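Beneath this line is the structure, given in C-alpha cells, with notes to follow.
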C-alpha cells in the first residue's frame, strides 16, 4: 500500500494482515468475509463493495469482518452486533481501537473486546498504522 495513502484519509480500506487473520481463523474457522475486494478476500464466500455487505444476510456464518474505516464504520459494527443475534452466527471484527466513539460504547462493549499490542502493518506496508487496533467478537446465544 502506498505510504502517502496509508497515512492520509485518501482510503478507508485497510487490508487485513495475513498473520492476524490466520491466528483468528485457527480459532474460529471463518466462512464469510462481508467487507472485501475479490483480491483481498479472506474467505471463499465474500462480499465486495458492489455486493454491499451491509445489505446482505450474515446469519448462520462465522464471519470475519475488517470493515472500511471511514464514516460508515459505525454502521458495520452495528450490523455485526445485530447479525450475531441470529442462530449459529459469530462475527469477529478487526477494528481501529477508537474507544471514544459512540459505536464503541453502544456495541463493542457488549461483545468481547481484545486490544492488539502494538500497531498493525496493513496491506504488506513497511510502516505501522497510525492507530491501535482491536478485535471484537459478537456471538449468538448458542455460540457463547
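The values are calculated or read from the model by the stated rules, or taken from the named source; none is laboratory data. Since the model is a prediction, treat every value here as computed from it, not as a measurement. Note that we place each Cβ from the backbone using ideal geometry, even for glycine, and neighbour counts take in every protein chain shown.
Give me a count of the residues in segment 96-132 that are in contact with a helix residue (DSSP H, G or I) (Cβ under 8 Å, 6 or more places away or on another chain), at pLDDT below 95 and in a helix (DSSP H, G or I).
So the count comes out to 2.
Among the residues of segment 1-33, which ones are modelled with pLDDT under 65, crowded, with 18+ Cβ neighbours inside 10 Å and in a loop (DSSP other than H, G, I, E, B)?
Matches in segment 1-33: 13, 14.
Going by what's in this entry, would residue 86 be described as surrounded by 13 or more Cβ atoms within 10 Å (Cβ to Cβ) and more than 16 Å from the chain's Cα centre (by Cα)?
Taking the combined requirement at face value, the residue satisfies it.
Would you mind finding the one in 47, 64 that is at pLDDT 95 or above and either more than 15 Å from residue 28 (Cβ to Cβ) or surrounded by fewer than 16 Cβ atoms within 10 Å (Cβ to Cβ) (or both)?
The unique qualifying residue is 47.
Would you confirm, using the coordinates I've provided, whether residue 135 is part of a strand (DSSP E or B), touching a residue at least 40 places away in the same chain (Cβ under 8 Å), under 13 Å from the mean Cα position of the chain (by Cα) and surrounded by 13 or more Cβ atoms within 10 Å (Cβ to Cβ)?
Answer is yes for this residue.
Can you pull out every residue in segment 34-91 that is touching a residue at least 12 places away in the same chain (Cβ under 8 Å), in a helix (DSSP H, G or I) and within 17 Å of residue 137 (Cα to Cα)?
73, 74, 75, 76, 77, 78, 79, 80, 81, 83
Exactly one condition in (1) over 16 Å from residue 134 (Cα atoms); (2) surrounded by 15 or more Cβ atoms within 10 Å (Cβ to Cβ); (3) modelled with pLDDT of 95 or more is false for residue 41; which is it?
(3)
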